[in-house]
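Visitor: Below is a structure I'd like to ask you about.
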Amino acid sequence: MRSFIAKTLLLSFVILSSNFTVKAQALSGPQIDSLVQKTMKTFDVPGMAVAVLKDGKVYHKNTYGVRSIKTNAPVNENTLFGVASNTKAFTTAALGQLIDQGKLNWDTKVTDIIPEFQLSDPYVTREFTVRDLVTHRSGLGLGAGDLMVFPAGNTTTKAEMIHNLRYLKPVSSFRSKFDYDNLLYIVAGEVVSRISGKSFDDYISENFFKPLGMDRSFLSIPKIKADDNRIDGHAPVNGKLELTGDTFTQIATPAGGIFASINDMSTWVRAQLNDGKYGEKGKDSLFSEKVHNEMWTPQTIIRSGKGPYNTHFSAYGLGWFLSDVNGYFQVTHTGGLNGIVSQVTLLPEMDLGIIVLTNQQSGAAFSAITNSIKDGYFGIKGEDRIKQYNDRRLAGEKEEDSIVSAVEKTIAAQLKSKAPKPNPADYTGTYNDVWFGNVAITDQNGSLYFKAEKSPDLTGTMTFYKGTTYVVRWNDASLKADAFVNFSLDTEGKADGFKMSPISPLTDFSYDFQDLEFGRVE
């Protein structure tokens, strides 16, 4: 392992931690087990897998609970979990391999590889590089266009998605601001495919899974769904856990498609901590030291507070979030799917890696576990991370309940009111958004009904709210994404379009309703 000082010189910034000493006391295996079990109970998580790697070895690895409340089959070391956006590090590593081979570089123009690639601004299109694809600085908003690949029932093809990027409107100037993105990682996966001559899924399997012996890692949705030893996702609905459906379509695998076991993710993290080296005495390498350093070099600055570990900087590298925590350099990423979240955390100076995989969508759960384990190595005592994150969760849920309750009261009052209600006939019809496609608003027994043509998951009954605004409640309540639908009217009082926005502040950002602009087409 190279020293942390060497890493920081390569990263062109210095974190003054070489004189920082603590009387660290790592949590024991039984203590970690107790921590996980308490966390699962607090946040109602059916199943987890947790691993801690230290000094090149697996210090702790265990599995907990059940894969699914439907089967109650126990989680084991080979159970497949969705690692979600922790896939992004594989995508950038694949690009890094091709760079090592001299087939492109980080600053190769995307249009040199994908000529049909086009964003709304010709200058941005012309200047957009491979590096820009994977650093969340495009100028597009948070999760822009995700509804083309999310939820999983969407039928948009990869070619259609790439074409539709030109219709997404920027919210900031090019390379000026961090806004997390998924679609451009899909484009990055297409770069891998076109340069290598292989599908993205095959490339990752052949160049990472196979050499590392990760035989319990998959990208194919049919293979994952056919595997008996995999988790189901879970989400709380009205205080009770329910199974969730799939999240992304197959074309989205470069952004978040890998399902892997805790055994395999431990192998991946060990290679990362060893600068990409693997095999007997590290004789083999996934990528060069130069590429590895670049992936862990800040590319896009992120504004952040000091948090629980006196953090002074936060940035995005190439497939990784980078920051300083308690004086140490941290490399991390989280991932979220419907009913599934994961977190991978590396502290290279300490040769420490922490992996938390779960089958419930509470990010507070993995944060509580990871930070409690870090506290042990930092020598921090007296902090109840479970309580801290649970208090934060409860505060968020209280705010959500207050907002939703106010909406429900307004709807109930409208139902009781004798005031004239809108005529459903003025709102029915087919509406189109240029990148999302058509939505049919129909009258079903006096109630409006919403049905997205390309996204069948987004179907549900609409209820009058106020003015020209309705609330749509999706048939699948586990989506937790009910939304306002605000119609605009023509001079005759008939709807000629509508916009949408999520009701709850906790709605997943991939429901980018705010980016949709529907106009009537019939």
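Visitor: How large is the helix-only mean residue ellipticity at 222 nm for the chain, computed as the sum of -39500 (n - 2.57) over DSSP H runs with n ≥ 4, divided by its residue count, in deg cm²/dmol to the nearest 500?
Guide: -8500 deg cm²/dmol
Visitor: Just check the range 161-310 against the gyration tensor rule for me: Cα atoms, a ≥ b ≥ c as the square roots of the eigenvalues, rounded for a/c under 1.5, and otherwise prolate or oblate depending on whether a/b exceeds b/c.
Guide: It is rounded, given that a/c, with a ≥ b ≥ c, falls under 1.5.
Visitor: Starting at the first residue of the range 280-288, write each ³J(HN,Hα) from the Karplus equation 6.51 cos²θ - 1.76 cosθ + 1.60 with θ = phi - 60°, in whole Hz, x for Gly and Pro.
Guide: Here the 3J(HN,Hα) series is 4, 6, x, 6, 9, 9, 6, 7, 6 Hz.
Visitor: Cα atoms only: what Rg and Dmax, in Å, come out for the range 416-520?
Guide: Rg, Dmax (Cα atoms, Å): 13.2, 40.
Visitor: Related question: What whole-number value in cubic angstrom gives the convex hull volume per residue for the C-alpha atoms of the chain?
Guide: 152 Å³
Visitor: Filter the cross-link list LYS57/LYS210; LYS158/LYS240; LYS70/LYS223; LYS198/LYS451; LYS223/LYS290; LYS61/LYS398 down to pairs whose alpha-carbon distance in this structure exceeds 28 Å.
Guide: Among LYS57/LYS210; LYS158/LYS240; LYS70/LYS223; LYS198/LYS451; LYS223/LYS290; LYS61/LYS398, the Cα-Cα distance tops 28 Å for LYS158/LYS240; LYS198/LYS451; LYS223/LYS290; LYS61/LYS398.
Visitor: Using amide H atoms built in the peptide plane, which far-off residues or other-chain residues are under 5 Å from TYR59 H to H?
Guide: Those lying under 5 Å, H to H, from TYR59 are VAL52, LEU53, LYS54.
Visitor: Hey, can you grab everything whose amide H is under 5 Å from the amide H of VAL237? Only 5+ residues off in sequence or another chain; H modelled, so Pro and N-termini drop out.
Guide: GLU242
Visitor: Right, another one. Quick check on the range 276-413: take the gyration tensor over C-alpha atoms, sort the square-rooted eigenvalues as a ≥ b ≥ c, and tell me if it's rounded (a/c under 1.5), prolate or oblate.
Guide: Since a/c reaches 1.5 and a/b is larger than b/c, the shape of the range 276-413 is classed as prolate.
Visitor: List the residues whose amide H sits under 5 Å from the amide H of LEU489, counting only those 5 or more places along or on another chain, with H placed 1.01 Å from N in the peptide plane.
Guide: When sequence neighbours closer than 5 places are left aside, the close amide H contacts are ASP496.
Visitor: Taking 7 Å along the Cα-to-C-beta vector as the label spot, tell me the VAL171-VAL237 distance in nanometres, rounded to one decimal.
Guide: 2.8 nm
Visitor: About its Cα centre, how strong a charge dipole does the range 301-431 have in debye, to the nearest 20, once Lys and Arg get +1 and Asp and Glu get -1 at the Cβ?
Guide: 480 debye
Visitor: Still on this structure, please answer the following. Around VAL110, with a cut-off of 12 angstrom between Cβ atoms, what is the net charge of the other residues, counting Lys and Arg +1 and Asp and Glu -1?
Guide: Surrounding charge for VAL110 is -2.
Visitor: Express the relative contact order of the range 416-520 as a whole percentage, based on alpha carbon pairs under 8 Å and six or more residues apart in sequence.
Guide: Relative contact order, the range 416-520: 20 percent.
Visitor: Once phi is turned into θ = phi - 60°, what whole-Hz ³J(HN,Hα) does the Karplus curve with 6.51, -1.76 and 1.60 give for every residue of the range 112-127, x standing for Gly and Pro?
Guide: 5, 9, 10, x, 7, 5, 8, 9, 5, 9, x, 5, 4, 4, 5, 8
Visitor: Which of the GluC sites (Glu not before Pro) across the range 77-136 are loop residues per DSSP, with 12 or fewer other Cβ within 10 Å?
Guide: Taking the range 77-136 and a limit of 12 other Cβ atoms within 10 Å, the loop GluC sites (Glu not before Pro) found are GLU116.
Visitor: If you take every residue apart from ARG137 with its C-beta less than 10 Å away from the C-beta of ARG137, what net charge results, scoring Lys and Arg +1 and Asp and Glu -1?
Guide: Within the 10 Å Cβ shell, the charges total 0.
Visitor: How large is the dipole of the range 4-383 about the Cα centre if only Lys and Arg carry +1 and Asp and Glu carry -1, each at its Cβ, rounded to the nearest 20 debye?
Guide: 480 debye
Visitor: Starting from the Cα gyration tensor of the range 235-342, take the square roots of the eigenvalues, sort them a ≥ b ≥ c, and report rounded, prolate or oblate (rounded when a/c is under 1.5, otherwise prolate if a/b is larger than b/c, else oblate).
Guide: Taking the square roots of the gyration eigenvalues as a ≥ b ≥ c, the range 235-342 is oblate.
Visitor: Apply the Karplus parameterisation 6.51 cos²θ - 1.76 cosθ + 1.60, with θ equal to phi minus 60°, to every residue of the range 233-244 and state each ³J(HN,Hα) to the nearest whole Hz, in sequence, with x for glycine and proline.
Guide: Each residue of the range 233-244 in turn: x, 9, 9, x, 10, 6, x, 10, 5, 10, 5, 10 Hz.
The numbers here are math on the coordinates, done by the rules we state, and not lab data. It should be emphasised that the depicted structure is a prediction, and the values quoted were computed from it without experimental measurement. For neighbour counting, all protein chains shown are included, and Cβ atoms are generated from backbone atoms with ideal geometry for every residue, glycine included.
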